1. Quick one: which of A:51-58, B:138-145, B:125-132 comes out on top by average Cβ neighbours within 10 Å, and what's the full order, highest first?
2. For every helix of n ≥ 4 consecutive DSSP H residues, a contribution of -39,500 (n - 2.57) applies; sum these over chain A, divide by its total residues, and give [θ] at 222 nm rounded to the nearest 500 deg cm²/dmol.
3. Mind checking A:24-36 for the average number of partner chain beta-carbons within 10 Å of each residue's beta-carbon?
4. Past the 23 Å Cα-Cα mark, which pairs from A:Lys2/B:Lys265; A:Lys143/A:Lys229; B:Lys125/B:Lys265; B:Lys74/B:Lys243; B:Lys74/B:Lys143; A:Lys153/A:Lys229?
5. Return the average number of partner chain Cβ atoms within 10 angstrom of each residue Cβ along peptide A:10-17.
6. If you add up the charges near A:Lys87, with Lys and Arg at +1 and Asp and Glu at -1, over every other residue whose beta carbon is less than 13 angstrom from its beta carbon, what do you get?
7. Would you please give the residues with an amide H less than 5 Å from that of A:Glu181, counting only those at least 5 places away or on a separate chain, with H modeled from the backbone geometry?
8. What are the nm distances, shortest first, from B:Gln231 to its equivalents in the other copies, labels at 7 Å along Cα→Cβ?
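Just so you know, all these numbers are worked out from the coordinates, no wet-lab data involved. Just so it is clear, the structure is predicted and the values come from calculations on it, not from any experiment. So basically every Cβ, Gly included, is an ideal-geometry build from the backbone, and we count neighbours across all protein chains shown.
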Number of protein chains: 2
Amino acid sequence: MKSYIDCLPCLLNQALRAARAATDDEHIHRQVVDAVAEMIPTFSPHLKPPEITQQAYRVINSITGENDPFRRAKVEANNAVLAIYPKLEKMVSDSTDRLYTACKLAIAGNSIDLGPKFDYGGIDKLLDSISNSVSLAIDDYEKFTKSLDNCRKLLYLGDNAGEIVFDRLLIEEIKRYRDIEVYFVVRGKPVINDATMKDALAAGIDKVATIIPNGADAPATIISRCSPKLQTLLESADVIISKGQGNYEANDTETANIFFFLRAKCQLIAKTLGVKVGDYILKSDRE
Amino acid sequence: MKSYIDCLPCLLNQALRAARAATDDEHIHRQVVDAVAEMIPTFSPHLKPPEITQQAYRVINSITGENDPFRRAKVEANNAVLAIYPKLEKMVSDSTDRLYTACKLAIAGNSIDLGPKFDYGGIDKLLDSISNSVSLAIDDYEKFTKSLDNCRKLLYLGDNAGEIVFDRLLIEEIKRYRDIEVYFVVRGKPVINDATMKDALAAGIDKVATIIPNGADAPATIISRCSPKLQTLLESADVIISKGQGNYEANDTETANIFFFLRAKCQLIAKTLGVKVGDYILKSDRE
């Protein structure tokens, strides 16, 4: 999808948050805001939201001299979810439909996103929602399981640190459901709190999937711009799981048996999907 | 007070809302966002928030060709509150402390502000809060009544359309409390939904006070920048009531027996005042 005009003020807010994460120097915060404000008139209306964020982060990193402002936040998020991993496993094993519960948990995990201004209330509150059987506002779970029934190779487009620990659990359940080969795609370089190879290893994704960096520094894996190697893998995959809002914004017009797992974290995405902010989405790319 | 850096992304959001109020043309919306984004690096950190808004609105008006984008919203707000005026009068006359209730209503009226992104839930909800005896987070009412006891001339810095109808009721109560001469200051030109002479006349302020336009197009009456005539009046006033966030931002460092009546409508003002967003404030400029 193209960016909305509302993405522009939102980007400026995000730039300020990133600057603050990178340094306490208020002069640098102002330099970042000024520089990103100056970029705004240059953005083509055809750019996808992750593409404008990508451009902004290059400037933010260059000004702050910090190429990974949310480094600490990412480590903390991974550790926080790893600490409750046994609890998550129990939630899954206690449930009547293990895979469905793991899907819901993976969507819940998508709350851990430092891009949009979205307050999900912390991990404990998230788990409470899941325990109280949160319902999906868009629920293509049946289509998803049918797709898995014929799936040998699954490509999983990861999103954020912390969230990927929930993804690990879902991948375990997918593999328990059926013997499926899973490839887990991470960002090539740090951007926002998106997971890179390092974060994925820390989350133990390598225990359940083959991790593949996408080579890029956008806060999304943009299928149409992937390397030829990744393109080949994408084409050979029977099912793609696309996690999060950035990957949805990047790939919503693709048709490749994609299932979008996300929480709608801003008004515009919610409106596009016909849901409310905060809603849980498991959406097939096919009608 | 000086602007916070957070005021800059907020301003860009506000520019977009103003552009949408002025026209449905999306190309013009983008022109406005681009132009205000370009202005951001030029803003001195010493400017007060109403001063940066003032500069932005000049550009917004020039691009949209509309010098009063919230014209209709202002008329509607005045009419909506005038329609419930008898109900407001009854709330005051039924209460144990008429003046205190009128103060609370005047602060409630400050919710009708199209500047910050603040959702107060509509007028009915406001009145419910007041009926359920909302408490003031900062309450210098006792100081206020003591000041009124020695007051002959009161200057009232008005804020928004709609809100000024609540102000009219408070002025009636002030005059019932004691025979006080009241001057009501409005903006010299339209900006956001701030009240001008036209709006004040529509609200019937002329029935209770002498209306004085401040000659400026800032969304505040900035005491230090007033015309010599208004300065003289300010100096001769025994008490000043300053309504709203813009007037607070403009005059928080003044000492002229000012009472700030406002709701805290953004995180930064709330933090400055040591209160929560949405809180009701009646604050003296004296310790």
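1. Answer by packing, highest mean first, reads A:51-58, B:138-145, B:125-132.
2. -15000 deg cm²/dmol
3. Per-residue shielding by partner chains comes out at 3.
4. A:Lys2/B:Lys265; A:Lys143/A:Lys229; B:Lys74/B:Lys143
5. Numbers: counts 3, 3, 9, 6, 1, 2, 4, 2.
Rounded to a whole number, the mean comes out at 4.
6. Local charge sum for A:Lys87: -3.
7. A:Lys153, A:Leu154
8. Those separations, rounded to one decimal, come out as 7.0 nm.
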